[in-house]
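Colleague: Once you've had a glance at the structure underneath, I'll fire off some questions.
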Amino acid sequence: MPNPIDPNKRYYFRKLDLLERKKFFKKLKIKKGSLSLWSKGYDESDLENFSITKVSDNESTLFLEKKSKFLKKFFRSLLSDSDVLVKVTEGRKFYFFEAHLKHKNKNQYELTSSEDIYVSQQRKNYRLSSGAFVKIKVQVDNKLFSGSDISAGGCAFIIPKELEEIFDMTSLLSSLKVSLNRQIFEVPKARITKKTDVILKEVPDKEFFKVSIEFLKLPKATEEELRRVINNEARGLEIRHKFNLKS
């Protein structure tokens, strides 16, 4: 069961066992490929990309070259000689681990990995709950409400009791705007599927309702982008948890 303290902590990441770890490095040896690095305490979006040129025989050290435009390749990486987080993408799977990046010379780097490697796989209809790092807002008829959770197919938000009549179970909502952190999505229509009374610990003496809605006529491109952002945010939360990141 999900942890009630952290509603987003579900079976999202899994640690590779010894055999899986060996297979992972064996695949890197054969395919080489690329990976992304970023500094602990920073967002996954603040990353640098590297090409794998070689994998050591002990399968714990990767030799890298920085991927960039020709001249920028030879500028020393800002992540040099520091502990970093690493992401390797393989289709719909993402592998993560901690490592230390050492600058050797010019565009040559050495990455020493930790023992633990985690794999995460995107799920089709993951429901993301709001929290310290996840801010959800829903705009209906120029009124802005705080969201409680969101998926690619719908969301839920909180309304004060005095607005309950506006959200009639038989009516459709039109031209909504839903934001997830910095991303804004336009929803043409939505149907109210549920309405329940809730108590907010911040204002326990006031009555509120949670309104759950299903998105209708959502363009495919919008749905896919929403799903991608939800999965990215969920993965970011799990990274913070796995690697004890506070910021």
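Colleague: In contact with an Asp or Glu (Cβ under 6 Å, 6 or more places away or on another chain), surrounded by 11 or more Cβ atoms within 10 Å (Cβ to Cβ) and of a type in the set (A, V, I, L, M, F, W, C), is that true of Ala156?
Modeller: Yes.
Colleague: What's the number of the condition Ser120 fails, among (1) crowded, with 17+ Cβ neighbours inside 10 Å; (2) modelled with pLDDT of 95 or more; (3) closer than 23 Å to His241 by Cα?
Modeller: Result: Ser120 fails condition (2) only.
Colleague: Still on this structure, I have one more. All but one of (1) farther than 24 Å from Glu225 by Cα; (2) outside the structural domain of Ser77 (by TED's automatic domain parsing); (3) in contact with a Lys or Arg (Cβ under 9 Å, 6 or more places away or on another chain) hold for Phe133; which doesn't?
Modeller: Going through the list (1) farther than 24 Å from Glu225 by Cα; (2) outside the structural domain of Ser77 (by TED's automatic domain parsing); (3) in contact with a Lys or Arg (Cβ under 9 Å, 6 or more places away or on another chain), Phe133 breaks only (1).
Colleague: Every residue in the stretch 152-184 that is of a type outside the set (A, V, I, L, M, F, W, C), within 19 Å of the chain's Cα centre (by Cα) and closer than 27 Å to Lys206 by Cβ, please. Don't jump to the end; show me each part of the working.
Modeller: Filtering the stretch 152-184 down to residues of a type outside the set (A, V, I, L, M, F, W, C) leaves 153-154, 160-162, 164-165, 168, 170-171, 174-175, 177, 179, 181-183.
Those left that are additionally within 19 Å of the chain's Cα centre (by Cα): 153-154, 179, 181-183.
The answer is Gly154, Ser179, Asn181.
Colleague: Could you tell me whether any residue of the stretch 216-233 is more than 27 Å from Phe13 (Cα to Cα) and of a type in the set (A, V, I, L, M, F, W, C)?
Modeller: Scanning the stretch 216-233, I find at least one residue that is more than 27 Å from Phe13 (Cα to Cα) and of a type in the set (A, V, I, L, M, F, W, C), so the answer is yes.
Residue-by-condition table, conditions (1) surrounded by fewer than 20 Cβ atoms within 10 Å (Cβ to Cβ); (2) in contact with a helix residue (DSSP H, G or I) (Cβ under 9 Å, 6 or more places away or on another chain); (3) at pLDDT 90 or above:
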| residue | (1), (2), (3) |
| --- | --- |
| Phe75 | yes, no, no |
| Phe97 | no, no, yes |
| His100 | yes, no, yes |
| Asn105 | yes, no, no |
| Tyr109 | no, no, yes |
| Thr112 | yes, no, yes |
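The values are calculated or read from the model by the stated rules, or taken from the named source; none is laboratory data. Source: prediction; values computed, not measured. Cβ: placed from backbone, ideal geometry, glycine included. Neighbour counts: every protein chain shown.
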